[in-house]
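Novice: My questions all concern the structure below.
The values are calculated or read from the model by the stated rules, or taken from the named source; none is laboratory data. Keep in mind it's a predicted model, so treat the numbers as computed, not measured. Glycine also receives a Cβ, built like all others from the backbone with ideal geometry; neighbour counts cover every protein chain displayed. Each accessible area value is taken on the protein alone, full model and side chains, heavy atoms only, with ligands, DNA and RNA left out. Shrake-Rupley method; radii C 1.70, N 1.55, O 1.52, S 1.80 Å.
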Amino acid sequence: RIFSFLDVVTLCRCAQVSRAWNVLALDGSNWQRIDLFDFQRDIEGRVVENISKRCGGFLRKLSLRGCLGVGDNALRTFAQNCRNIEVLNLNGCTKITDATCTSLSKFCSKLRHLDLASCTSITNLSLKALSEGCPLLEQLNISWCDQVTKDGIQALVRGCGGLKALFLKGCTQLEDEALKYIGAHCPELVTLNLQTCLQITDDGLITICRGCHKLQSLCASGCSNITDAILNALGQNCPRLRILEVARCSQLTDVGFTTLARNCHELEKMDLEECVQITDSTLIQLSIHCPRLQVLSLSHCELITDDGIRHLGNGACAHDRLEVIELDNCPLITDASLEHLKSCHSLERIELYDCQQITRAGIKRLRTHLPNIKVHAYFAPVTPPPSVGGSRQRFCRCCIIL
């Protein structure tokens, strides 16, 4: 009973104390959750096979993240022995192929969470296999599996309609058709990541909004084809939205964010970096309608001024919620903005790189009100002091943390 609370490293140490402790420490019932990431990443397949034989049906959760030496054969043995596995992390296990998903489909019908990010040999065949053998799947990460196309997504969602989280970051072959399948078959979807899926347009994402009313987190950063139509669709169909990341989506404007803010009052995190068309109007709407806002990135939004920050600092989220604000490369921001943020008592971090009108004095005044805040800024070169001892010290522009 006591050993069941110990981590992997401690169990291995206990196993060396005596024969009696070895039996207890290595009992499968103590190995229900294993994460080797912080323990040992250079393991070979035989280690996974030995673990699977020891744990058998007890094992519920296993992380092999970053274990480059583990391949299909070891995972086939694992799947055969650990048929009650529910959470499996194979992120970065670059040796595995579709054969691993075939094994999981055949033996691991209770699988709920599967992470295959950066397993670049994975193709549509894997998604078809998972659809056929893992109907309980709720969370799937196939980020950077760039061989996956709409055909794989179509096969996946037909058998795994209970998906709640789908991470498709860097799946560059995906088109709007893939999103239409998701919207039609995954009504329980809560989290969707489409970062750098460059072919996605309004048509596909609007289908998601209309079919996935429980959506709480959407990342479409780098999907440069999308317009305000997406923000309107989110506002009309997804009132529970909490996280929106649309960095580098330069076609989005104040009009779309106004509709979004007026309808999605639970927003907590927004990444609007390089949404270059937005102005203080967006901040005014967020300050009025989004009282739960905690993290806001406005980096490279060059039209933002002190007036927008003033409204934000006086908004409903300011006093108890706002924790992070990023204002890198906002050239119109001055020390006045820092004055407006003094009342944000929950503020933990502010980014001010390349804000040329921000001064050290302004930051110092902010810190008198918020002594624990981390301010990331950078300043012009200082004048070098006179040479000392015949040598001249060099100074350069640099990042500083105050």
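Novice: So what is the relative contact order of the chain, in percent, for Cα pairs below 8 Å that sit 6 or more residues apart?
Specialist: Working: 1035 pairs, mean separation 25.2, N = 402.
Averaging sequence separation for qualifying contacts and normalising by length gives 6 percent for the chain.
Novice: Before anything else, pin down the relative contact order of segment 50-138: Cα pairs under 8 Å, at least 6 apart, normalised by residue count, whole percent.
Specialist: Details: 184 pairs, mean separation 25.5, N = 89.
About 29 percent, as a whole number.
Novice: Where is the GNM fluctuation largest for the chain (alpha-carbon springs, 10 angstrom cutoff): Leu327, Leu366, Leu168?
Specialist: Leu366
Novice: May I pose another question? Among Gln80, Leu116, Phe3, whose Cα lies farthest out toward the positive end of the dipole of segment 1-137, if unit charges sit on the beta carbon of Lys, Arg (+1) and Asp, Glu (-1)?
Specialist: Positive-most Cα among the choices belongs to Phe3.
Novice: Assuming 0.36 nm per residue, please report the length gained on full extension of the stretch Arg46 to Asn372 beyond their Cα-Cα distance. Please report the intermediate quantities before stating the final value.
Specialist: Details: separation 326, 0.36 × 326 = 117.36 nm, distance 4.87 nm.
Computed gain between Arg46 and Asn372 is 112.5 nm.
Novice: Asp72 accessible area, nearest 10 Å², 1.4 Å probe?
Specialist: Per-residue accessible area (Asp72): approximately 30 Å².
Novice: Next question, about the same structure. State to the nearest 20 debye the size of the charge dipole of the chain about its Cα centre, where the only charges are +1 on K and R beta carbons and -1 on D and E beta carbons.
Specialist: 1660 debye
Novice: Work out the FRET efficiency for Lys61 and Val324 from their Cβ-Cβ distance, taking R0 = 25 Å, and round it to the nearest 0.05. If you can, show how the numbers build up before the last one.
Specialist: Working: r = 30 Å, r/R0 = 1.22.
Efficiency at R0 = 25 Å is approximately 0.25.
Novice: Evaluate the charge dipole of segment 233-378 about its Cα centre and quote only its size in Debye, nearest 20, assuming +1 on the Cβ of each Lys and Arg and -1 on the Cβ of each Asp and Glu.
Specialist: Numbers: 15 positive and 20 negative charges, 98 e Å.
Computed about the Cα centre, the dipole is about 480 debye.
Novice: Okay, next question. What full-extension length gain, to one decimal in nm, is calculated for Asn314 and Ser346 as 0.36 nm per residue of separation minus the Cα-Cα distance?
Specialist: Details: separation 32, 0.36 × 32 = 11.52 nm, distance 1.35 nm.
Result: 10.2 nm gained on full extension.
Novice: Hey, another quick one. Within the set of other residues whose C-beta is less than 9 Å from the C-beta of Lys61, count the net charge using Lys and Arg as +1 and Asp and Glu as -1. Spell out each step's value before the answer.
Specialist: Values: positive: Arg33, Arg60; negative: Asp35, Glu86.
Here the count lands on 0.
Novice: Could you calculate the contour length gain from His213 to Phe37, that is, 0.36 nm times the residue separation minus the distance between their Cα atoms, to one decimal place in nm? Provide the component values of the computation, followed by the final result.
Specialist: Working: separation 176, 0.36 × 176 = 63.36 nm, distance 3.56 nm.
Additional length available on full extension: 59.8 nm.
Novice: Report which label in (i) 44, 30, 20; (ii) 97, 37, 19; (iii) 36, 23, 20 holds the value of semi-axes √(5λ) of the Cα gyration tensor in Å derived from the coordinates of this structure.
Specialist: (i)
Novice: What is the percent carbon and sulfur in the accessible area of the chain, measuring with a 1.4 Å probe over the protein chains and ignoring ligands? Present the calculation step by step, with values, prior to reporting the outcome.
Specialist: Values: 8710 of 18070 Å².
C and S atoms contribute 48 percent here.
Novice: Send over a whole-number figure in Å² for the accessible area per residue of the chain, probe 1.4 Å. Numbers along the way, then the final one.
Specialist: Working: 18070 Å² over 402 residues.
For the chain, the per-residue accessible area is 45 Å².
Novice: Another question, if that's okay. Helix-only mean residue ellipticity at 222 nm, the chain, DSSP H runs n ≥ 4 weighted -39,500 (n - 2.57), per residue, nearest 500. What is it?
Specialist: Values: 15 runs with 139 residues, N = 402.
Calculated from helices alone, the mean residue ellipticity at 222 nm is -10000 deg cm²/dmol.
Novice: For Leu322, what charge total do you get from the other residues with a beta carbon under 13 Å from its beta carbon, if Lys and Arg give +1 and Asp and Glu give -1?
Specialist: That works out to 0.
Novice: From Cα pairs below 8 angstrom and at least 6 apart in sequence, can you work out the relative contact order of segment 40-195, rounded to a whole percent?
Specialist: Details: 389 pairs, mean separation 25.6, N = 156.
RCO, segment 40-195: 16 percent.
Novice: Further question on the same structure: Roughly how much of Lys150 is accessible, in Å² to the nearest 10, using a 1.4 Å probe?
Specialist: Looks like 70 Å² after rounding.
Novice: Let me ask you something else. What FRET efficiency would be calculated for the residue pair Glu132, Glu175, taking the C-beta separation as r and a Förster radius of 22 Å, to the nearest 0.05? Mind dumping the intermediate values first?
Specialist: Working: r = 24 Å, r/R0 = 1.08.
Computed FRET efficiency for Glu132 and Glu175: 0.40.
Novice: Taking a ≥ b ≥ c as the square roots of the eigenvalues of the Cα gyration tensor of segment 136-290, is the shape rounded (a/c under 1.5), prolate (a/b larger than b/c) or oblate? Walk me through the intermediate numbers first.
Specialist: Numbers: a/c = 2.17, a/b = 1.57, b/c = 1.38.
Prolate, because a/c is 1.5 or more and a/b exceeds b/c.
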